[in-house]
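Data first, discussion second: the structure below is written as structure tokens.
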Amino acid sequence: MIGKRVLGLFGFLSAVVGLGLATSVPTQALAQPVVGVPHDWQMGFPPSYTPLMDRVESLNDLLLVIITLISAFVLGLLLYVMWRFHESRNPTPNVITHNTVLEIAWTIIPILILVVIAIPSFRLLYYGDKAQDAAFTIKVTGHQWYWQYEYPDQGNLSIDSRILAEADRAKLKPNEPRLLAVDEDMVIPANTTVRIIGTAADSMHGWTVWGFGIKKTVIPGRLNEGWINVPKEGIYFGQCSQICGNGHAYMPIAVRVVAKAEFDKWVDTKKKAAGLVPSNAPATGLAAATAPANR
């Protein structure tokens, strides 16, 4: 009987301690799980998190079927030729100069295959090129070696995103992966179409986020456009995919997708911290961002 009471008391204390530990975890960490991150021994595409990446995967599956059929046909043809025209079967080889039907076939069939590949490829390129009815725009500028994110529709808010040193990552963001955590995430609201305008300040960079299906080569003096719409909240990662110098490997991309109300709070906090609005100014909200249909 005494043993049962002791075990019961121990269980009660464990529950209280566990509750205290759970409540001590920041709500931001609980609300923002690390979603888009690579894993050990991962092969193939990462999971899809956007409609654009869904179409990229679909095109990849189509190409995989086509190239598998072509490879199987060529392999079968080679094996047949090796068997049918072996020296033991043809001691006196025949000499064939040309075959009109065969030459027409191996010209027309590859053209038809390329057309089958080209049509969905062009559809995908146009689908990911221009944003339709974007809620607002983010200008991404690549620097040697960090990213700058400007929010012109949120009062010209601007942040710089740099990789965190390992000691700072372990202290500030221990749940985020090494060499991918940054000091300032690019923050966007969930279920919202965001136009991405990319350029560079010095050399070419590549703004690429796995799972989003977006890879924009940003070039000095040019503006490249794309868009993202992420339904699921969380933290997603990418990296610079264009060799840009000795700091190329240290330009990670972190995109934090939050609820729209939380995005509005983040914008107001950043604007007040930057002195863009008075500290006692009321919250504006995402609805205040006026983005024209076409830029």
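The values are calculated or read from the model by the stated rules, or taken from the named source; none is laboratory data. If you're wondering where the values come from, they're calculated on a predicted model, not measured in any experiment. Counting neighbours? That spans all protein chains shown, and the Cβs are built from the backbone with ideal geometry, glycine included. Protein only, heavy atoms only, side chains kept; ligands, DNA and RNA dropped before computing areas. Shrake-Rupley method; radii C 1.70, N 1.55, O 1.52, S 1.80 Å.
Some observations on this one:
- Qualifying residues in region 48-63 (those that are over 21 Å from Val116 (Cβ atoms) and polar (S, T, N, Q)) - the one surrounded by the most Cβ atoms within 10 Å (Cβ to Cβ): Thr50
- Of all residues in region 230-258, those being open to solvent by 30 Å² or more (accessible area, probe 1.4 Å) and farther than 15 Å from Val35 by Cβ number 9.
- For region 255-271, a tally of residues being within 23 Å of Thr217 (Cβ to Cβ) and either among the aromatic types (Phe, Trp, Tyr) or without any contact (Cβ under 8 Å) to a residue 12 or more places away in the chain (or both) returns 0.
- Qualifying residue in region 118-130 (condition: without any contact (Cβ under 8 Å) to a residue 24 or more places away in the chain, open to solvent by less than 40 Å² (accessible area, probe 1.4 Å) and either more than 21 Å from Asp54 (Cα to Cα) or not in a loop (DSSP other than H, G, I, E, B) (or both)): yes
- Of the numbered criteria (1) of a type in the set (S, T, N, Q); (2) modelled with pLDDT of 95 or more; (3) over 30 Å from Gly211 (Cβ atoms), the one Thr141 fails is (3).
- The set of residues in region 161-218 that are charged (D, E, K, R), over 17 Å from Pro38 (Cβ atoms) and open to solvent by 30 Å² or more (accessible area, probe 1.4 Å) comprises Arg162, Glu166, Asp168, Lys171, Asp183, Glu184, Asp202, Lys216.
- Which listed residue is at pLDDT below 95 and of a type in the set (A, V, I, L, M, F, W, C), from Trp147, Trp210: Trp210
- Just one of the listed residues (Asn156, Asn175, Asn191) is on the phi > 0 side of the Ramachandran plot, more than 18 Å from the chain's Cα centre (by Cα) and of a type in the set (S, T, N, Q), and it is Asn156.
- Test: residue in region 174-196 that is at pLDDT below 90, in contact with a Pro (Cβ under 7 Å, 6 or more places away or on another chain) and either of a type in the set (D, E, K, R) or not in a strand (DSSP E or B) (or both): no
- Residue within region 99-112 that is within 30 Å of Pro51 (Cβ to Cβ) and assigned to a helix (DSSP H, G or I) present: yes
- Of the residues making up region 68-89, those that are surrounded by 10 or more Cβ atoms within 10 Å (Cβ to Cβ) and either within 21 Å of Ile109 (Cβ to Cβ) or charged (D, E, K, R) (or both) number 14.
- Pairs where the first residue, in region 240-254, is on the phi > 0 side of the Ramachandran plot and the second is open to solvent by 10 Å² or more (accessible area, probe 1.4 Å), C-beta under 9 Å, 6+ apart: Gly245/Gln144; Gly245/Trp145; Gly245/Asp202; Gly245/Ser203
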